[in-house]
Amino acid sequence: ISVFAPFVFLSYEFRQLYGEFALTVTFSLLSSVISALFIIPGGYGLFYKFKLNKPLKPTRLANFIEKKALQGFHFFFKRIKFSFYLLIIIILTGILTAIFMEKEYIEPADSNEITAFVEAESGTSLAETGKIVEKVEQTLSANQLVERVSARINKAHAELDLKIMPGTSGQDKKIIDRLKADTDHFEDCFVHYEEKQELNAKILDIDIIGDDEAKIRELAKLCARKIHEIAGIREVVLRFKEGNPALTWHLDRKKAMHLNVNVQKAGEELRWSIYGPVALKYIKDNQEVDLRVTYQKDYKDSLAKIRDFSIINNDQQLIKLKEFGYFQEGREPGKRYRKNKRKSVAISVSLGNLSLGRAITSIEDKLLILQFPPGYYYDLGEAAEKFSLSQKNGALAIVLAIFMIFSILSIQFNSFLKSLIVILPAPISALFSIIVLSTFQFSLNMSVFIGIIVLSGVVVNNTIILAAVFEKKKRLSLYAIIKEVKNKTKPLIITNITTILALFPLIFNFQEGSHLWQPLAITVASGILAGLLITFIVFPFVYYIIFGKNREIKHSK
C-alpha cells in the first residue's frame with residue numbers, strides 16, 4: 001500500500017490517469033488483509049467444525065511446477081558465482097538500457113482517425129478554397145485506406161477528418177506517408193497530416209518569441225530548415241501565414257488641400273465604393289440582412305480600375321485619386337500571436353519515427369547552433385514541458401516508493417542492513433523489466449514508471465516472507481536456509497504465478513487504450529519473474545553470508 005503514497009506528490013496528469021488505479025489497488029489490498037485475518041480463518045473453522053475438510057492430493061501440474069522450480073534452484077545455487085556474474089550483467093545492461101532507451105510521455109498509439117490540414121494562399125476566397133478542398137477530398141477518398149472524409153472549410157484553410165479502414169491499426173505512420181504522396185503534387189495548396197491523439201500526438205510545437213514580427217518570422221523559417229535536417233523528422237510546418245494581399249492608398253495632404261479635397265470624405269467614398277455603406281437592414285428567414293450600396297462590378301473588378309477611381313471635391317469637380325496620392329501593393333500584417341505578453345510565431349514538428357525524448361534532444365542541439373539576437377528565444381512548448389515533468393515525477397515517485405518500503409522494513413527488522421538486503425530485488429527487477437521492454441521496442445514512459453512503483457511493492461513481499469522465517473531460527477546454517485527456501489517454494493511460486501496470469505489480459509490487449517496499460521503490465525510481470533529468481537537464489541546466499549555465519553558463532557559461544 002505504501003508505494004502508492006507518492007501519487008499525492010505527482011503531477012495532475014499522473015493523478016488523472018492512474019489516481020483511481022492507485023485507490024482501487026489500495027482498497028483491494030486493505031480488503032484482502034481483512035479477509036486473510038478474519039474471514040479465511042473463520043471459514044476454515046467452519047470446515048473443521050462440520051468435518052468438511054477432506055484431504056486433497058496435489059495436482060500433477062502443481063507437483064511439476066514445484067519440481068522444476070527446485071531443480072532450477074539447485075542448478076543456480078550450486079553455481080553461485082555464475083549466478084552473481086549473471087546478476088551483475090543484468091544490472092549493468094539494465095542501467096545502460098535505461099540511459100539509451102527511447103523516452104516518451106505516453107507510449108505512442110495508433111488510431112483510426114487522421115486529420116488533414118489544407119492551407120491555401122492567403123487571400124484565397126471561400127469559394128476558391130471550397131474548390132481546392134473538393135479536389136483534395138476526391139483524391140483522399142479514392143485512396144483504398146480511407147473509409148470516410150469529412151471537411152470543415154474556412155477562407156484559405158480547411159480541416160479534413162479521415163476515418164481509416166478497419167484492420168490498419170499500427171500503421172498510421174505508413175498511411176500518412178502514402179497520403180502525403182497523393183497530395184504533395186498540388187501547387188495551389190499545402191496539405192499536412194496529424195494523428196488524432198489527445199494524449200500523445202507525435203507533434204512538437206516550438207514558439208519563437210521576440211519583439212519584431214518580421215524578425216521572429218525569419219528566425220522561425222531558419223529554425224524550420226535546421227530541424228528538417230534531423231534524420232527521422234517527417235515534416236516541419238510553419239504555423240503562420242503571410243497576410244492577405246492589400247492595396248494601400250497613400251495620399252498627399254498638400255495636394256489634396258490645393259485641389260480643395262476633403263480628405264475624410266475622400267477616404268469614405270473610396271471605402272464605400274468598394275464595400276458599400278449599409279443603406280438599410282431587413283429580416284429574411286429570421287435573419288437580419290444588410291443591404292449595401294457599392295459601385296457596379298465593372299468599375300471595381302480589377303486593381304487598375306480601382307486606381308482610376310474619382311471623387312467629388314468641395315467645388316463639385318471629379319478628381320482622380322492618383323492626382324493627390326499613390327497606390328502601393330503589399331500585404332496586411334496578418335494574425336498576430338503573443339506568448340508571455342510578447343510577439344510569437346510557432347512551428348510544428350511532426351516527429352515521425354523519432355521518440356519525443358530523442359527529438360527534443362536533437363532539436364535543442366540544432367537550435368543551440370543558431371545565434372538568436374538578444375531578446376529573442378525559442379520555447380519548446382507544452383509537450384516538451386509535460387515530457388520533462390513526467391520523467392522527473394516518475395523518477396521521484398520511484399525513489400519515494402522505495403524509501404517508504406525501506407522505512408517500513410526498518411521498523412519491521414530493526415536493522416538498516418537487513419532492510420537493504422530485503423529490498424535488493426526491487427531495483428534489480430526494475431532493471432530487468434527495462435531490458436524486456438526495450439527488447440520489445442517499448443519506450444520509457446509514464447506507464448513504465450507506474451509499473452516500477454507497483455513492482456517495488458510486490459517483489460519485496462517474497463523476501464519479507466523468507467527473511468521473517470530466517471529471523472526465527474536461532475542457528476542459521478546454510479542447510480537450514482536451503483530447507484526453508486524449499487518449504488516456501490510452492491506457496492511463493494503459486495502466489496507470483498497468479499499475479500502474472502492476472503496481468504495477461506493487459507499484456508495481450510491490443511485494442512484502443514492498450515498503450516496506457518500494456519507497458520505497465522509487462523513491467524510488473526517481467527519484474528516479478530526476475531524477483532522470484534533473485535528471491536530463491538541470490539537473497540538466501542547473501543543473507544547467509546552477512547547474518548548466518550555471525551549467528552552460528554554467537555550460538556557456539
For this session: Run down Asp205, Asp177, Asp182 and say which single residue is touching a Ser or Thr at 6+ places or on another chain (Cβ under 6 Å) and in a helix (DSSP H, G or I).
Result: Asp182
For this session: Go through (1) among the hydrophobic types (A, V, I, L, M, F, W, C); (2) free of Cβ contacts under 8 Å to residues at least 40 places away in the same chain; (3) out of contact with any helix residue (DSSP H, G or I) (no Cβ under 9 Å at 6 or more places or on another chain); (4) buried (at least 18 other Cβ atoms within 10 Å of the Cβ) one by one and return the number of the condition Ile132 breaks.
Result: (2)
For this session: Filter the range 72-81 for residues that are open to solvent by 90 Å² or more (accessible area, probe 1.4 Å) and either in contact with a Leu (Cβ under 6 Å, 6 or more places away or on another chain) or in a helix (DSSP H, G or I) (or both) and give the result.
Result: Phe75, Lys78, Lys81
For this session: Could you please let me know if Glu107 is closer than 30 Å to Gln391 by Cβ and either out of contact with any Pro (no Cβ under 7 Å at 6 or more places or on another chain) or not in a helix (DSSP H, G or I) (or both)?
Result: yes
Exercise. Scanning for something touching a strand residue (DSSP E or B) at 6+ places or on another chain (Cβ under 7 Å), of a type outside the set (Asp, Glu) and under 22 Å from Arg331 (Cα atoms), does the range 291-303 turn up at least one residue?
Worked result: yes
For this session: Considering every residue within the range 185-199, establish whether at least one is modelled with pLDDT under 80, loosely packed, with under 15 Cβ neighbours inside 10 Å and of a type in the set (Asp, Glu).
Result: yes
Problem set entry | Elements of type strands (runs of 3 or more DSSP E) in the range 300-344, at least 1 residues being loosely packed, with under 12 Cβ neighbours inside 10 Å and free of Cβ contacts under 8 Å to residues at least 12 places away in the same chain | 318-320, 337-339
Problem set entry | Some residue of the range 240-262 being among the charged types (D, E, K, R), modelled with pLDDT under 85, touching a strand residue (DSSP E or B) at 6+ places or on another chain (Cβ under 8 Å) and open to solvent by 80 Å² or more (accessible area, probe 1.4 Å) | yes
Exercise. List the pairs whose first member sits in the range 432-443 and is under 16 Å from Asn353 (Cα atoms) and part of a helix (DSSP H, G or I), whose second member is open to solvent by 50 Å² or more (accessible area, probe 1.4 Å) and of a type in the set (A, V, I, L, M), and whose Cβ atoms are under 7 Å apart, counting only residues at least 6 apart or on separate chains?
Worked result: none
Exercise. Is it true that some residue in the range 397-420 is over 13 Å from Ala530 (Cβ atoms), buried (at least 24 other Cβ atoms within 10 Å of the Cβ) and not small (Gly, Ala, Ser)?
Worked result: no
Problem set entry | Given (1) under 30 Å from Ile423 (Cα atoms); (2) in contact (Cβ under 8 Å) with a residue 60 or more places away in the chain, index of the condition Ser388 fails | (2)
Exercise. If you take the residues of the range 13-36 that are within 24 Å of Leu506 (Cα to Cα) and among the hydroxyl-bearing types (Ser, Thr, Tyr), which of them is most open to solvent (accessible area, probe 1.4 Å)?
Worked result: Thr24
Problem set entry | Residues being open to solvent by less than 20 Å² (accessible area, probe 1.4 Å) and within 20 Å of the chain's Cα centre (by Cα) - total across the range 361-392 | 5
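The values are calculated or read from the model by the stated rules, or taken from the named source; none is laboratory data. From a predicted model like this one, the values you see are computed outputs, not experimental measurements. Virtual Cβ from ideal backbone geometry, glycine too; neighbours counted across all protein chains shown. Heavy atoms of the whole protein, side chains included, go into the accessibility calculation; ligands, DNA and RNA do not. Shrake-Rupley method; radii C 1.70, N 1.55, O 1.52, S 1.80 Å.
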